[in-house]
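Have a look at the structure below, then the notes.
What follows draws every value from the coordinates through simple rules; no lab data is involved. Owing to the predicted nature of the structure, the values given are computational and were not obtained by experimental measurement. In this analysis, Cβ positions are derived from the backbone assuming ideal geometry, glycine residues included, and neighbour counts consider all displayed protein chains.
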Amino acid sequence: MVAAVSDSPQAVGTALLIAAHPDDPEFGAGGTVARWAREGWRVVYVLCTRGEQGTHDVAADPRAVARLREREQRAAAAVLGVAEVVFLDYPDGLLEPTLGLRRDLTREIRRFAPLRVICPSPVRVLESAYLRRNHPDHMAVGAAALAAIYPTASSPHLFPELLAEGFAPCIVPEVYVGETGSPDIVVDIGDTLELKLAALREHASQLRDGTLERVRDSSRQLGALHGLAAAEAFRLIVQT
Ligand SMILES: [Zn+2]
């Protein structure tokens, strides 16, 4: 893998993390979120669903699962120093990159005017050993988020109702695309790996035996490739 280690920021502002389900932020970028929060970034999560399908219990009430997972997500975000968590309430497992989802994500991007966005990749990674990484909701969110970032967030006459609601156009300078098979940047999470694992422990309903050990090992293995104690990888897109 060809990848550079990300630099320390020149300026800090708001960083928006867009994801499909509770626990996606921590699995994909928990160490990065904790690092940025420590550096002074105001990190905000936008979760497209409440994760009500995150159960194998046929007797479970999806509404109760949603409430549990929202609580778990808010607790995990608090561990990492996240400032705010927004839920859009789309149905878990059925996400599509619709114009409606793009409009709703555009609204949040314009609301927070982030200098950085983290979102999942819209591209299926067939080489991945984990189908979870190819969850169709993740790819749908990736497609909708990237379309919201460009061209919609910066185009005043797309979704004119947003302008009427008071959400002015904005440009997102940096986009960190996660869950990609072709990363080109890694973030040093050597100092925040334990916080990432602590945040993941808050998602108790979703953990299996060995989950945290697997995350710890893969983070360290990725870091070792770059002379770091631990790392997370992204594809970085810079907009001017
Ligand atoms: Zn997910």
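Along the principal axes of its C-alpha atoms, what lengths does region 72-122 span, in descending order and rounded to whole Å?
Largest to smallest, the principal-axis extents are 33, 27, 20 Å.
Output the Cα-based Rg and Dmax of region 167-240 in Å, rounding Rg to one decimal and Dmax to a whole number.
That works out to 15.1, 46 Å for Rg and Dmax.
Determine Rg/Rh for the chain; Rg is computed over alpha-carbon atoms and Rh is the Kirkwood hydrodynamic estimate from the same atoms. Intermediate values should be presented prior to the final figure.
Values: Rg = 17.0 Å, Rh = 17.9 Å.
Using only Cα positions, Rg/Rh for the chain is 0.95.
Given a Förster distance of 35 angstrom, what is the FRET efficiency for L163 paired with R63, based on the Cβ-Cβ distance and rounded to 0.05? Working shown, then result.
On the way: r = 35 Å, r/R0 = 1.00.
Approximately 0.50, to the nearest 0.05.
Between R201 and A224, what length comes free when the chain is fully extended (0.36 nm per residue of separation minus the Cα-Cα distance, one decimal in nm)?
Stretched fully, the R201-A224 segment lengthens by 5.9 nm.
Among bridges DSSP assigns within the chain, what percent are antiparallel (round to 5)? Before the final figure, lay out the partial values.
Working: 8 of 29 bridges.
Around 30 percent of the beta bridges assigned by DSSP in the chain are antiparallel ones.
As an exercise, find the ratio Rg/Rh for region 26-86 from alpha-carbon atoms, using the Kirkwood inverse-distance average for Rh.
Result: Rg/Rh = 1.06.
Counting only helical runs of four or more DSSP H residues, what would the 222 nm mean residue ellipticity of the chain come to if each run contributes -39,500 (n - 2.57) and the total is spread over all its residues? Spell out each step's value before the answer.
On the way: 7 runs with 89 residues, N = 240.
Value at 222 nm, helices only: -11500 deg cm²/dmol.
Could you state the principal axis extents of the C-alpha atoms in region 12-126, from the largest down, to the nearest angstrom?
The principal-axis extents, from largest down, are 46, 32, 31 Å.
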